[in-house]
Each structure stands twice: as C-alpha cells, then as structure tokens.
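Data block below; observations after.
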Amino acid sequence: QVQLVESGGGLVQAGGSLRLSCAASGRTFSSYTLGWFRQAPGKEREFVAAISWSGTYYADSVKGRFTISRDNAKNTVYLQMNSLKPEDTAVYYCAADPRLESARTMGVPRVDYWGQGTQVTVSS
C-alpha cells in the first residue's frame, strides 16, 4: 500500500517561509518522479514543482522562491517556500509518478499517488 503523508503547512505572513515535507511509504521511491501541486478554493489543481532523475522543474509562479529536494534514504521530498505571497495560499499536495520521465513533463495526468494535502495560508 503506497502512502504519501505531508506535513509542515500552516499560517504565515507575506514574505515569510515554510518548509513542507512528504514522507512516502510502501515501496522505494528513489526512481520516482516526486512533485508538489496546489489547489486554491474554486480553482483547479496546479503544478508547483517536481524532481526526478532529470533534475528539477518549477512553475513560473514559484521559480526563484521555492526549492524542491529529496532524501532518498528517508523516502522524503521537501518543498522549501520562501518569500511567500497571499496568492500562494492553497492546499498543497505531494504526488508521485513511478515512470522514468522528465520532471519537466510532470502534471496531474502523470500522478499515480497523491497525499492527503496540507493547508498553507499566507496573510497580507
């Protein structure tokens, strides 16, 4: 049974930082593409960042502010979020794709496994 569990969300003021973590269990994820998506109220789920054998890839809206990383020994992926803006407010989801494809093409259709989500709220 594959399970992804996010943590680290919360309330922060604009300009602040948060670090999200996603612990994976059920199998070894070292070859997987791992990513983060977010969904704001009334909006579709959107891609934020991904990491795979090919490297990392970011949505334009977070480039230069967010950093995705992974620790394969711990089966964990992280999202460091700096210079947060009110428009970053959303539920953030961890995602995993077992196929050996580039992080650049990560998207909702590729995701086989989702976490339950963690709320990030940025106040102005």
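Charge tally around Arg65: other residues with Cβ under 12 Å, Lys/Arg +1 each, Asp/Glu -1 each, net -1.
Residues of the stretch 11-40 falling in the label zone of Ser123, defined by backbone nitrogen less than 12 Å from a point 7 Å along Cα to beta-carbon, are 11-14.
Going by accessible surface with a 1.4 Å probe and the largest first, Glu87, Glu101 read Glu87, Glu101. Filter the chymotrypsin sites (Phe, Trp or Tyr not before Pro) in the stretch 7-101 to those in DSSP coil with at most 14 other Cβ atoms within 10 Å of their Cβ, and list the result. Listed in order of number, the matching sites are Trp53. Here each label is just a point 7 Å from Cα along the line to Cβ, and for Lys63 and Lys85 those points are 1.4 nm apart.
Taking 7 Å steps out from each Cα toward its Cβ at Ser102 and Ser25 produces label points 3.6 nm apart. The stretch 1-39 to the stretch 63-124: how many Å between their Cα centroids? Spelled out, the Cα-based centre of one part sits 6 Å from the other.
Which whole number of Å³ per residue matches the convex hull of the alpha-carbon atoms in the chain?
In the chain, the Cα hull volume divided by residue count equals 93 Å³.
The order of Leu18, Leu34 by accessible area, most exposed first and with a 1.4 Å probe, is Leu18, Leu34.
Given the options Ala95, Ala59, Ala50, state which has the largest fluctuation in a GNM of the chain using a 10 Å cut-off (strictly under) for Cα springs. Sorting by GNM fluctuation, first place goes to Ala59.
Remark: accessible surface ordering of Asp60, Asp112, Asp71 (largest first) is Asp60, Asp112, Asp71, probe radius 1.4 Å.
The values are calculated or read from the model by the stated rules, or taken from the named source; none is laboratory data. In this text, all values refer to a predicted model and were calculated from it rather than measured experimentally. So basically every Cβ, Gly included, is an ideal-geometry build from the backbone, and we count neighbours across all protein chains shown. Ligands, DNA and RNA are stripped out before the accessible areas are found, and what is left, the full protein with its side chains, is counted by its heavy atoms. Shrake-Rupley method; radii C 1.70, N 1.55, O 1.52, S 1.80 Å.
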